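Undergrad: First the structure, which I've put down as structure tokens, then a few questions once you've had a look.
Laboratory data are not the source of any read-out in this text; all were calculated from the coordinates shown. Note that the coordinates shown come from a computational prediction; the quantities given were computed from them, not determined experimentally. With ideal geometry, Cβ positions are generated from the backbone for all residues, glycine too; neighbour counts draw on all protein chains shown.
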Amino acid sequence: MRTPADKTIGLSFISHPAKSAKLRWSARLVFPPDTGPDGTLELLVNDGENEPVASGTMELAGMLVRIRGGKGSLAYADFVRGKHEKGIWLHRKGAIPIPGRLAFG
Amino acid sequence: MTDMEWHALVKEGGDAGWKLVWERVVEPESRSMRSSELMDKYSITAGDLMGMLYEEMIGRGKIDLYRGEGSLQGWLRKYVRGFILAADPAKHGELSIENAHPDSEDGSSAMDIPVPPGRQIAHNEVWDMTMKCFSSLWNEDPERAYIHLLKTQFHLSSEEVKEMLDVSSAANVDQIFSRNVKFMRKSWVDHDKNG
């Protein structure tokens, strides 16, 4: 298990449509180059107005990732372990959870 | 063995014909000076080319287009060379279910791709349909969607994908990718029928 030695890979996820831009979200999971099983992936989460999500929890790859100031982190090994998990949600206090999906492109 | 006999074996999709495809077509082309440098540059392996050629010939039925005019080896080699040239990231604005890019994910332009005005509507429709098919792929198995994305958008070799997602082998990645392409094409037809 290792990411490519000379490339940074960023997978994008986007929310399903929601009524307000504040409820919508987009996320980017960054795989640094040459990262092995003990490595960590950075998760960057913005709302539909392109502002960092101040606080929340992202459900991704079967893990709950705590988001603070638009950022969170996920163990690379956990992501690979949960690569078959379909559920992607952003949970925020006082707001309904909004599901999302992997973006193509 | 004549070209038409070889053609019949290739069309059957079995090892006998495809072993010769590897030996006479894919391997020599991937070792050639004109292609090896580009393959390194675009991170594609001979195994990737084999998978693409199989998908094109068997999956899409292109093998039926061979009419025996010229050598089968030369005819197949043109496809392989085409795959290598098409791996150039600068060409990825083409309308293709395998490597379509977004003009718009949320109404804003995510990537500027020069599209002639008359083709803009068709381009957006293709993109919307691609997204539906990709969502269907995700619902089948997210790992398949990750593999599709890493191969088509990030141009990782099968070996790199295997390492990154901890898949059992590069050949397995090739098989999954080949199945993905077939699945996307079938989804396209299904979505088209059902609106």
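Undergrad: Which order, highest average first, do B:28-37, B:149-158 follow once you tally other Cβ atoms within 10 Å for each residue and take the mean per peptide?
TA: Per-residue mean Cβ counts within 10 Å order the peptides as B:149-158, B:28-37.
Undergrad: In whole Hz and in residue order, list the ³J(HN,Hα) couplings for the range B:34-48 that follow from phi through the Karplus curve 6.51 cos²θ - 1.76 cosθ + 1.60, θ = phi - 60°; x for Gly and Pro.
TA: 5, 9, 4, 5, 5, 5, 4, 4, 9, 6, 10, 10, 4, x, 4
Undergrad: From Cα coordinates alone, what are the radius of gyration and Dmax values for chain A in angstrom?
TA: 13.4, 42
Undergrad: Given the protein assembly as shown, what whole percent of its Cα pairs are spread farther than 29 Å?
TA: Summing the P(r) tail past 29 Å for the protein assembly as shown gives 41 percent.
Undergrad: Under 5 Å between amide H atoms, partner at least 5 residues away or on a different chain: which partners does A:Arg24 have, H built in plane at 1.01 Å?
TA: Excluding prolines and chain starts, which carry no amide H, the hits are A:Gly48.
Undergrad: Continuing with the same structure: How well do other chains shield peptide A:98-104, expressed as the mean number of their Cβ atoms within 10 Å of each residue Cβ?
TA: Mean number of neighbouring Cβ atoms from other chains: 6.
Undergrad: While we're on this one: Past the 28 Å Cα-Cα mark, which pairs from B:Lys151/B:Lys186; A:Lys83/B:Lys11; A:Lys19/A:Lys71; A:Lys7/B:Lys193?
TA: Checking Cα-Cα distances, A:Lys83/B:Lys11; A:Lys7/B:Lys193 exceed 28 Å.
Undergrad: Can you list residues whose amide H is under 5 Å from A:Ser73's amide H, if they're 5+ apart or on another chain and H is modeled 1.01 Å from N?
TA: Here A:Leu43, A:Arg66 satisfy the definition.
Undergrad: Please quote Rg/Rh for the range B:128-195 to two decimal places, taking the Kirkwood radius as Rh and restricting both calculations to Cα atoms.
TA: Here Rg/Rh amounts to 1.01.
Undergrad: Here's something else I'd like to know. What is the average number of partner chain Cβ atoms found within 10 Å of a Cβ in A:68-81?
TA: Whole-number average of other-chain Cβ neighbours for A:68-81 is 1.
Undergrad: What is the set of long-range amide H partners of A:Ile9 at a cut-off below 5 Å, with H atoms built 1.01 Å from backbone N?
TA: So A:Ile9 has HN proximity to A:Phe31.
Undergrad: Which whole number gives the average count of other chain Cβ atoms within 10 Å of the Cβ atoms across peptide B:61-72?
TA: If you average over the peptide's residues, the count of other-chain Cβ atoms is 0.
Undergrad: With θ taken as phi - 60° and the coefficients 6.51, -1.76 and 1.60, list the Karplus ³J(HN,Hα) couplings across the range A:33-50 in order, rounded to whole Hz; mark glycine and proline as x.
TA: Residue by residue, the range A:33-50 yields x, 6, 9, x, x, 8, x, 10, 9, 9, 10, 10, 10, 10, 8, x, 9, 6 Hz.
Undergrad: Near B:Lys62, which aspartates and glutamates are there with a Cα under 14 Å away, not counting those fewer than 8 places off in the same chain?
TA: B:Glu12
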